[in-house]
1. Which parts of segment 69-92 would a label at GLN47 reach, counting a residue when its backbone N lies under 15 Å from a point 7 Å out along Cα-to-Cβ?
2. Using θ = phi - 60° and the Karplus curve 6.51 cos²θ - 1.76 cosθ + 1.60, what whole-Hz ³J(HN,Hα) does each residue of segment 75-91 get, with Gly and Pro shown as x?
3. Which cross-chain or sequence-distant (5 or more) residues have an amide H under 5 Å from the amide H of GLY162, H modelled 1.01 Å from N in plane?
4. Quick one: which residues, 5 or more positions from THR69 or on another chain, have an amide H under 5 Å from its amide H? H modelled 1.01 Å from N in the peptide plane, none for Pro or chain starts.
5. Can you list the residues, at least 5 places off or on another chain, whose amide H is less than 5 Å from the amide H of THR56, using H built in the peptide plane?
Amino acid sequence: MKNNKTKIRSVMQKCVWSLSTLGAVIGLAIATLTITPANAQATQNLQFDVFIDANTIYFSGTPGPHPGTTFIVTGYIYPGGTLAGNPQVAPPNPIGEWTCRGTFTRNASEVRPEVFTIQEFYLPDDTTAIATEGIEHGLVGPDHRDMRATIGGTGIYQNVKGQNTEVRIGVNGTGLFNLSFTFTHSLDRVIRH
C-alpha cells in the first residue's frame, strides 16, 4: 500500500512538473506574441547600381528645372557595388535597363530644385521589373540619399512593396549620375534575384 502511494505521488509530481513546464512555455509564447507584432516579417535587401546615360535625355519643353517640365532618360543596371569607383563610361554586361521619367516641381533659381520621378528597373526586361516613385532633390552633394517608395513590379517582383534608398555615387562621363540603390522588402513579398 505504501509502495502504491509512493508511485502515485511520483506520478503526480511528474504531472505537476509537466504542467508547470507547459505553463512556462505558454507564458513565454504569449510574452513573445505581445512583444513581436503579428505582422512583423523578416526583410531582405536588393542592391543595384545605375549608370545614367545623359545622351538619352529628352525634355518636353525648355531643358532645365522649370515647374511642369517633363523628361525621360535611360541608363544601365549593374549588380550593387559595380559602380563604386564612379566609372566615366558604362561598364560592359549590364544586367538590365533603367528608365526614369519625371516632372520638375521647382525652378532652377530655388535653393533645392526638385523633380518627381517614376523609375523602372527592367531586370532584364518588362517581364521581370521593379517600379519606384518619389521626389529627387537637386543641387546636393554626391553622397545625398533620397528615400523612395517601391510601388510594384512584374514577374518575381509582382507583389513587391517597400522602400528604396537612392545614393548618388558621382557624375559620369556623359554628364549625369552614377547611382546606387538599396531596396528593402518583406521576405514573403519577393523572391531573391
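1. Label zone hits: 78-86.
2. x, 10, 9, 10, x, x, x, 4, 9, 4, x, 6, x, 8, 10, 5, x
3. Correct list: THR150.
4. PHE104
5. THR74
Read-outs throughout are calculated quantities, based only on the coordinates presented, and are distinct from any laboratory measurement. Being a predicted model, the structure only gives us computed values, none of them experimental. Here the Cβ is made from the backbone with ideal geometry for all residues, glycine too, and neighbour counts use every protein chain on show.
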